[in-house]
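S.K.: This is the structure I have questions about; it appears just below.
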């Protein structure tokens, strides 16, 4: 149990503040930083120095000190497994190349660095930039790797179930911006091919609404139809742009269709399910026969 | 005659660095898990000056209990000679807030500390919109008072 007393560092007891600048003092990192970080994430590691090790990049690790390299190696694989399973289950219509893009784009090092910043891990990191003149270069990658190392540490210290729970609550709960990640450059061609593959009627674009056609700022709202069913809708200042957006919308709606998970049924739910019946008393025996 | 197509270098480069082009999703604290925003509280005091007397008493009597009750916050106590006593809070979004407690009594300091602890860290700003949405629409949010349909649950057959 991390007591707050351990977190209370009476810093001025022995030393006199001398040449050390105020800024350096404020950013000083000690054992209390890692204890507070653990507590903020609701983790209780069995190994006391584990959180410090998670935040130590190999560029800062001395010869004797352990770095987060091995934890990061394991953690990256644990994290990518959870993310991959979740994406495969959530997006049934995506191709595997798209799934790979979504995983790389939305759950890659930059996104993990954002997660790490949200945790408050950035000031707790111990690392050194390879470029001496610019100490900030590489910060994002190092922070992203530290988050992977954190997942690895949870996996090793508290087990796979705890790691899965951590990833699900902190990382998989964030919304995925599928439109930016999928990067559809040729929506018309892709949509025509897709509809041909699915045996649907060929796409037809129709103007739904328009305003200001001969002015300097027209707005067209165009829908792309397959027969009588509208599959996508887009706006634009020209008909061509509106059609482009409508085709893109149709593709996003198809490929990024999400399956929203119901919460997994627990054993208690299963027992309750077996007992509960909506039939009235007279029909119940016949129903259970 | 061997013919080859040049690889599309730009697309390959973009795909390889996709995680830098895609803007990562904005953190929604509380969705999935809650991360306490206040990460560090620094108490600065002066041993000798009179304005720090209330702060010194707070540190001697109540600060340890506060630190025990809030294990997620790193509590630092530093002497800062010949200066007024301050409490400085650091938040996970990189912001800081400082409050000088020179004029506070011993009973007022815990309130100051509590307000700094409970702050989200975001700068004070004026919210001009009364609805913030991930899926904004020109038509606005749903209002049950502005629909023409009336939904009635009854055992009568619906009249078409």
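The values are calculated or read from the model by the stated rules, or taken from the named source; none is laboratory data. Just so we're clear, the structure is a prediction, and the values are computed from it rather than from any experiment. Because the Cβ atoms are built from the backbone with ideal geometry, glycine has one as well, and the counts that use them run over all protein chains shown.
S.K.: Filter the range A:88-134 down to the residues that are within 13 Å of chain B (Cβ to nearest Cβ) and outside any helix (DSSP H, G or I), then identify the one that is nearest to residue A:67 (Cα to Cα).
M.R.: Among those that are within 13 Å of chain B (Cβ to nearest Cβ) and outside any helix (DSSP H, G or I), it is A:121.
S.K.: Taking the conditions exactly as written (in contact (Cβ under 8 Å) with a residue 24 or more places away in the chain and either assigned by TED's automatic domain parsing to the domain that holds residue A:194 or surrounded by 15 or more Cβ atoms within 10 Å (Cβ to Cβ) (or both)), does residue A:50 satisfy them or not? Give the derivation first.
M.R.: On the way: in contact (Cβ under 8 Å) with a residue 24 or more places away in the chain: yes; either assigned by TED's automatic domain parsing to the domain that holds residue A:194 or surrounded by 15 or more Cβ atoms within 10 Å (Cβ to Cβ) (or both): yes.
So residue A:50 fits the description; yes.
S.K.: Take the residues in the range B:105-141 that are within 14 Å of chain A (Cβ to nearest Cβ) and within 30 Å of residue B:71 (Cβ to Cβ), then tell me which one is surrounded by the most Cβ atoms within 10 Å (Cβ to Cβ).
M.R.: B:113
S.K.: Follow-up. I'd like to know if the range B:67-86 contains one or more residues that are under 30 Å from residue A:141 (Cα atoms), in contact with a helix residue (DSSP H, G or I) (Cβ under 6 Å, 6 or more places away or on another chain) and more than 10 Å from chain A (Cβ to nearest Cβ).
M.R.: no
S.K.: Could you tell me whether the range A:145-160 includes any residue that is outside any helix (DSSP H, G or I), within 13 Å of chain B (Cβ to nearest Cβ) and without any contact (Cβ under 8 Å) to a residue 12 or more places away in the chain?
M.R.: Keep residues of the range A:145-160 that are outside any helix (DSSP H, G or I), which gives A:159.
Okay, now just the ones that are also within 13 Å of chain B (Cβ to nearest Cβ), so none.
No, the range A:145-160 contains no residue that is outside any helix (DSSP H, G or I), within 13 Å of chain B (Cβ to nearest Cβ) and without any contact (Cβ under 8 Å) to a residue 12 or more places away in the chain.
S.K.: Among the residues of the range A:176-190, is there at least one that is surrounded by fewer than 13 Cβ atoms within 10 Å (Cβ to Cβ) and more than 30 Å from residue B:26 (Cβ to Cβ)?
M.R.: Yes - at least one qualifying residue is present in the range A:176-190.
S.K.: Only one of (1) away from chain A (no Cβ under 12 Å); (2) crowded, with 17+ Cβ neighbours inside 10 Å is not met by residue B:144, so which one is it?
M.R.: Residue B:144 satisfies all of (1) away from chain A (no Cβ under 12 Å); (2) crowded, with 17+ Cβ neighbours inside 10 Å except (2).
S.K.: Can you find a residue that is at pLDDT 85 or above, in a strand (DSSP E or B) and either farther than 27 Å from residue A:188 by Cα or not assigned by TED's automatic domain parsing to the domain that holds residue A:173 (or both) anywhere in the range A:241-260?
M.R.: There is no residue in the range A:241-260 that is at pLDDT 85 or above, in a strand (DSSP E or B) and either farther than 27 Å from residue A:188 by Cα or not assigned by TED's automatic domain parsing to the domain that holds residue A:173 (or both).
S.K.: Another question, if that's okay. Could you tell me which of the residues B:102, B:62 is within 14 Å of another protein chain (Cβ to nearest Cβ), modelled with pLDDT of 95 or more and more than 25 Å from residue B:27 (Cβ to Cβ)? Walk me through how you get there before you give the answer.
M.R.: Values: B:102 fails: within 14 Å of another protein chain (Cβ to nearest Cβ).
Within the list B:102, B:62, the selection yields B:62.
S.K.: Kindly evaluate residue A:148 against the criterion of being within 34 Å of the chain's Cα centre (by Cα), loosely packed, with under 13 Cβ neighbours inside 10 Å and at pLDDT 95 or above. Can you show your working first?
M.R.: Values: within 34 Å of the chain's Cα centre (by Cα): yes; loosely packed, with under 13 Cβ neighbours inside 10 Å: no; at pLDDT 95 or above: yes.
Criteria not met by residue A:148.
S.K.: A further question follows. Pull out all pairs, ordered by first then second residue, where Cβ-Cβ is under 8 Å, the residues are six or more apart or on different chains, the first lies in the range B:24-35 and is more than 7 Å from every other protein chain (Cβ to nearest Cβ), and the second is modelled with pLDDT of 90 or more and outside any loop (DSSP other than H, G, I, E, B).
M.R.: From the range B:24-35, the pairs are B:29/A:118.
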